Amino acid sequence: MADEDDDWFERAFEDEEPEDSERPTDAERDADSGADDEETDSEDDESPASETPDEQFDSDQPTGFGDTDVSASDESEVDNFAAAFGGADSGGEDDDLFEDDFASAFGGGGGGGPGAAPSGGGEEDFGFDLDGDVGAGGPGGFEEDEEYESDIPRIDFGIEGLDEMVQGGVPERSLIVAIGGAGTGKTTFGLQFLHEAIENGERAVYITLEESRRRVVQSATDKGWEFDRHTDEGNLAVIDIDPIEMANSLTSIRNELPRLVEEFGASRLVLDSVSLLEMMYDDQSVRRTEIYDFTKALKEAGVTTMLTSEASEDNPFASRHGIIEYLTDAVVVLRYIRPEDFRETRLAVEIQKIRDANHSRETKPYEITHQGISVYRQANIF
């Protein structure tokens with residue numbers, strides 16, 4: 001890789017010094033592993049040694065990379081990761097590459113101020129039953145005046161109406177997935193989720209595999225959430241990365257991400273969307289293993305994480321590949337409701353699960369406005 005690809009990470013952590021200089025590098029470990037493999041191959045007709053997880057990943061790289069060398073060493077994967085995160089313009093020294101690469105994305109800076117608060121649901125009639133108590137999802141609400149005793153720290157989504165559907169809040173450090181079809185507001189959901197953290201004086205990270213960094217920041221700013229200012233002040237990191245490059249470098253990313261997020265001081269992280277990452281693997285068993293290991297790394301990062309996922313074409317209540325909902329702690333489904341008379345297509349949200357939390361199982365209508373998502377807690381689909 002060119003020097004410019006090796007430097008943006010370092011600039012992000014300007015005051016950081018490499019901590020692992022005395023440890024063997026990934027390339028050295030690969031060389032040792034290669035020597036061991038040669039000795040094993042020289043033996044006659046003996047049972048093959050079982051592969052380690054890293055060797056499995058090297059042999060089952062994602063498809064669709066064109067001329068990309070998917071069997072390259074971890075050092076090469078790190079280079080791809082640096083290029084995908086695309087940092088600053090000028091070059092620097094070849095210090096530890098990962099300490100070079102989140103630098104321009106994460107930046108530094110002081111505390112940021114709160115952005116404009118999202119507007120709540122109103123009393124207008126949008127074709128919903130405003131007097132009913134049970135939604136289309138059937139019974140399953142909870143008594144709102146019933147106390148929920150728990151020592152687990154909890155947070156809000158930051159979406160009015162939806163927060164009232166979770167008694168006590170979502171447990172911190174949960175791994176959440178928002179599943180929905182095109183146009184159901186998954187990206188807005190993620191942006192609003194991070195806006196809530198920043199308003200509370202926390203830091204946040206947004207990783208997008210679909211949009212450019214500029215467009216993500218602009219989209220949030222248009223809704224009154226000052227992501228441009230928050231990124232300048234160092235309270236928010238918005239990182240755009242190509243899904244192919246991320247899949248190529250996933251082993252390196254999941255090894256480094258927990259440390260980098262901890263150093264940045266983020267309390268929440270959004271990945272939009274995990275579906276593009278899943279699509280990089282044709283083999284179902286490899287896909288599941290890679291995604292499982294990646295979600296495990298996110299949990300080890302110690303942040304509350306939200307993933308967005310495309311819905312299955314056949315089932316709006318399931319993700320495209322039917323994997324991520326089983327690996328997460330909470331599942332929120334965003335979907336369309338199309339009445340038989342085709343008069344108007346509406347949007348509805350329901351919570352499938354939240355571990356260690358009581359939540360409503362009702363289906364509630366919501367709208368996406370210029371101020372974000374509003375869930376109409378007192379309305380019902382009919």
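A short reminder: the numbers here are calculations on the coordinates, not readings from a lab. Fair warning: this is a prediction, and the values are worked out from it, not measured in the lab. FYI the Cβ positions are ideal-geometry reconstructions off the backbone, even for glycines, and counts take in every protein chain you see.
Straight-line cross-link reach from residue 296 at under 24 Å between alpha-carbon atoms covers these lysines, not counting any fewer than eight positions away in the same chain: 186, 353.
Kirkwood Rh over Cα pairs of region 313-382 into Stokes-Einstein at 20 °C, 1.002 mPa s: D in µm²/s?
On the way: Rh = 13.6 Å.
The calculation lands on 157 µm²/s.
Local charge sum around residue 265 (other residues, Cβ-Cβ under 9 Å, Lys/Arg +1, Asp/Glu -1)? Summing Lys/Arg as +1 and Asp/Glu as -1 gives -2.
Could you grab the Rg to Rh ratio for region 298-348? Cα atoms only, Kirkwood for Rh.
Numbers: Rg = 14.4 Å, Rh = 13.0 Å.
My calculation of the ratio gives 1.11.
Mind checking region 305-344 for chymotrypsin sites (Phe, Trp or Tyr not before Pro) that DSSP puts in a loop (not H, G, I, E or B) and that have at most 10 other Cβ atoms within 10 Å? Counting only loop positions with at most 10 other Cβ atoms within 10 Å, the chymotrypsin sites (Phe, Trp or Tyr not before Pro) in region 305-344 are 342. When the trypsin sites (Lys or Arg not before Pro) in region 335-369 are filtered for DSSP coil states and for at most 14 other beta-carbon atoms within 10 Å of their beta-carbon, the remaining sites are 343, 355.
Can you tally the net charge around residue 330? Count Lys and Arg as +1, Asp and Glu as -1, for every other residue whose Cβ sits under 10 Å from the Cβ of residue 330.
Working: positive: 353, 355; negative: 325, 329, 356.
So the environment of residue 330 carries a net charge of -1.
Counting charges near residue 235 (Lys, Arg +1; Asp, Glu -1) among other residues having Cβ under 12 Å from its Cβ returns a value of -3.
Using the Cα atoms as the points, what is the convex hull volume per residue of region 236-382 in Å³? Walk me through the numbers on the way to the answer.
Numbers: hull volume 22.0 nm³, N = 147.
Spelled out: Cα convex hull of region 236-382, divided by residues, is 150 Å³.
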